[in-house]
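J.: Structure incoming, see below.
The values are calculated or read from the model by the stated rules, or taken from the named source; none is laboratory data. No experiment lies behind these values; they were computed from the predicted model shown. Glycine also receives a Cβ, built like all others from the backbone with ideal geometry; neighbour counts cover every protein chain displayed.
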Amino acid sequence: MANGRLRNGTAHDTLPAVAGDNGRRCPQRLLVVEDERDMARTVQYTLQHAGYEALCAGSATDALNIIDRTGLPHLAVVDIMLPGMDGFEFCRRVQLYSDLPVVILSALADADTVIKGIHLYAEDYLTKPFNPRELVARIGRVLRRIGDFAYALGPVTQVDDHLAVDFAHQQAFVRGQPVPITPVETKILYILMRNAGRVVTTDFLLRRLWPFDDVFEDALRVHIHRLRRKIEPNPTCANYILTQRGAGYSFPL
């Protein structure tokens with residue numbers, strides 16, 4: 001799912017961090033999906049040494065369970081050849097309801113697999129054996145290019161006293177009450193919240209939500225309208241999903 005990825009990065013020269021609930025800088029959380037134990041430990045150590053928080057899963061199923069318990073990470077490093085569900089299927093399932101950035105780290109180096117990975121699922125693709133410094137550099141570039149997640153990601157991402165979002169379970173909490181949201185609505189929220197404070201163009205949203213389908217702006221408006229009815233205090237005067245006329249939508253910081 002690499003179509004339309006945005007913005008060039010600069011050199012990785014600061015500790016990767018995001019703002020926590022108390023305004024403190026917290027390490028960005030990465031998820032390593034790798035079944036070979038020594039390789040998983042090597043990747044985890046490399047990422048932790050670079051300043052990230054790194055969780056490990058030995059299978060795609062384990063990774064989905066970790067997301068279920070802890071919420072979405074800021075990025076996932078995913079092997080393709082996994083027991084049971086493969087890495088591509090893991091990416092497909094998670095990206096039904098989110099725009100989680102993925103870096104594939106795999107021993108498969110044939111051109112067709114690399115092209116498929118980058119075209120359908122990943123921001124970047126690195127083959128094994130790998131250079132740890134190169135992996136860190138590529139992850140840093142991806143995270144800078146897509147933009148920081150302005151809210152502290154967790155099992156439930158708290159926006160304010162009125163709204164919270166549980167991305168993994170496709171659920172919003174409005175004044176503490178659970179409100180089911182569809183996978184598309186969840187993905188819209190994820191993209192807008194990741195870019196909080198910035199305008200997300202209509203064209204970008206369409207390409208991220210339906211990368212391989214010809215879907216027009218009217219369909220996006222329908223999903224936005226339904227989502228507003230679920231989460232806004234007053235759907236006719238939006239507080240969260242703001243229309244930027246002639247450009248797209250934004251989410252407040």
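J.: Output yes when any residue across region 185-201 is over 21 Å from TYR121 (Cα atoms) and assigned to a helix (DSSP H, G or I), and no when none is.
T.: no
J.: Moving on to the next point. Go over the candidates VAL77, VAL114 one by one and state the one that is in a helix (DSSP H, G or I), among the hydrophobic types (A, V, I, L, M, F, W, C) and modelled with pLDDT of 95 or more.
T.: So the residue among VAL77, VAL114 that is in a helix (DSSP H, G or I), among the hydrophobic types (A, V, I, L, M, F, W, C) and modelled with pLDDT of 95 or more is VAL114.
J.: Moving to a separate point now. So the check is Cβ under 6 Å with 6+ separation or different chains; which pairs have a first residue in region 222-246 that's among the acidic types (Asp, Glu) and a second one that's in a strand (DSSP E or B)?
T.: Listed pairs, sorted by first residue: none to list.
J.: Just for region 130-159: of the residues that are in a loop (DSSP other than H, G, I, E, B) and of a type in the set (A, V, I, L, M), which one is nearest to the chain's Cα centre (by Cα)?
T.: LEU153
J.: Does region 206-253 hold any residues that are at pLDDT 90 or above, surrounded by fewer than 16 Cβ atoms within 10 Å (Cβ to Cβ), among the charged types (D, E, K, R) and not in a helix (DSSP H, G or I), and which are they?
T.: The answer is ARG245, and nothing else.
J.: Additional query: Does region 161-184 include one or more residues that are assigned to a helix (DSSP H, G or I), within 25 Å of ASN239 (Cβ to Cβ) and assigned by TED's automatic domain parsing to the domain that holds THR243?
T.: Checked against the condition, which is being assigned to a helix (DSSP H, G or I), within 25 Å of ASN239 (Cβ to Cβ) and assigned by TED's automatic domain parsing to the domain that holds THR243, region 161-184 yields at least one hit.
J.: Have a look at CYS26, CYS91 and point out the one that is touching a strand residue (DSSP E or B) at 6+ places or on another chain (Cβ under 7 Å) and modelled with pLDDT under 95.
T.: The match here is CYS26.
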